[in-house]
1. Top mean-square fluctuation among 132, 13, 59, Gaussian network model of the chain, C-alpha springs under 10 Å?
2. How long is the gain from residue 112 to residue 391 if the chain were fully straight, where each residue apart is worth 0.36 nm and the alpha carbon distance is subtracted?
3. Please identify, among 180, 68, 392, the residue showing maximal mean-square fluctuation in a Gaussian network model of the chain using a 10 angstrom Cα cutoff.
4. Compute the relative contact order of the chain as a whole-number percentage, counting only Cα pairs closer than 8 Å that sit 6 or more residues apart in sequence.
5. Which parts of segment 154-173 would a label at residue 97 reach, counting a residue when its backbone N lies under 19 Å from a point 7 Å out along Cα-to-Cβ?
6. Post the alpha-carbon centroid distance, segment 105-124 to segment 139-207, in whole angstrom.
7. In a Gaussian network model over the chain where Cα atoms closer than 10 Å are linked, find which of 105, 268, 42 has the largest mean-square fluctuation.
8. Over the heavy atoms of residue 201, what accessible area does a 1.4 Å probe trace out, to the nearest 10 Å²?
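The values are calculated or read from the model by the stated rules, or taken from the named source; none is laboratory data. Values in this document were obtained by computation on a predicted structure and should not be read as measured data. For neighbour counting, all protein chains shown are included, and Cβ atoms are generated from backbone atoms with ideal geometry for every residue, glycine included. These accessible areas exclude ligands, DNA and RNA; they are computed on the full protein's heavy atoms, side chains included. Shrake-Rupley method; radii C 1.70, N 1.55, O 1.52, S 1.80 Å.
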Amino acid sequence: MTQLFGNNRMWRSHELKKSYDVVIIGAGVHGLATAYYLGKEHGVRRVALLDKGYLGSGSSGRNTAIIRSNYRTPEGIPFYDASVKLYEDLSRELGWNVLFSQCGHLTLAHTDSGVAGLRVRAENNQLLGVDSRLIYPEEIRRLVPSMYLGAGQRYPILAALYHPPGGIIRHDAVVWGYARACDRMGIEIHPFTEVTAIRVENGAARSVVTTRGEIAAGAVLNATAGWASTISAMAGVPLQIVSHPLQACVTEPLKPFLDKVIVSATLHVYVNQTDKGELVIGAEIDPYQSYSTKGTLPTLEQMATYTLELFPQLHGVRVLRQWAGVCDMTPDFAPIIGAAEDVSNFYMDVGWGTYGFKAGPAAGKYTAEMIATGKTPKIIEPFSPSRFRTARLVGEKAAAAVSH
Ligand code: PYC
């Protein structure tokens, strides 16, 4: 769908060509960022981005827009830090305001083992130059005066990992900004173009069959988040990924009272207040595998119950909308970025689970470099598909905002 703002088209519609140098399946933030850096940094512009829906209709428009780099592992921390730095400069880079508010991010600990886990993250973050530290109730109260830390809490707040550079971005502005910049370089965006097959000949991905025709491709990238294993299976590449819905909701607008992102894995909830005053609230992942993008009443009740433990004054606030995104979860909660081991010309940037949106710019930049140069950049080497075969897992589960 071509977006119109006044008379300026954000991106144009195109007939599908017979061939492209690179075909990217999935035009969310990862696919768009990869196309953008292919064009901008490597001069690769015969690129088609395909999406089965409208732009941002997948996880890019369904996440809770949290940006942070306070991860746990020596592989994950520098990667997400690179992504936060790209986000910091993205409005200037794209000439388009992505409304990034680095308001600060607090991960709460309610048990001694929770505090110990956050201490490890704080120390690893500091060693690798990421601003994050453990704080205790007095400082938490000062930073978030509206949050309840009084008597009678079912899960008392003992400490928090405070990460000042973390914050919130306008996720659809990121999608539109990259799309507009891609369009200006002649990169083609094809929404409502579903991939139905990938043809592999002599061990190499050669073409992509879509609902609008077949296209030959020099390289094919799978950047489809929740549908990653379905698309890779079309190329004969099995993935160690399961897909789970993750639900969220948004309330009616309220006067500003919360200017930090609050996350509690124990309470299965994370909350922030948008510039419009709405509260965006997210849940843990659904306990079953599914591709559903619908909300359910039990999860809404759970989000409300836990939010009220932190902010009892919200009793009676109305919910406007509820939805779900589909998360592509790997066994170690780290992504899979790399060339397929047994099918050449087929690349993957998948397995982001609940971390995908914040990783978009860095994933795009380094995936583009890998496709354009044929060499895997050091920063993404640990996330290669071979790590499951060679037992070099990355182990990022303890950095999850969401309990699993
Ligand atoms: O990793 O910050 C996060 C997150 C929040 C919601 C889902 N993932």
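1. Fluctuation is largest for 13.
2. On the way: separation 279, 0.36 × 279 = 100.44 nm, distance 3.05 nm.
Computed gain between residue 112 and residue 391 is 97.4 nm.
3. 392
4. Values: 966 pairs, mean separation 94.6, N = 404.
Relative contact order comes out at 23 percent.
5. Taking a point 7 Å out along Cα→Cβ of residue 97, the residues of segment 154-173 whose backbone N falls under 19 Å are 167-173.
6. Taking the Cα centre of segment 139-207 as reference, the centre of segment 105-124 is 22 Å away.
7. 42
8. Ignoring ligands and nucleic acids, residue 201 comes out at about 100 Å².
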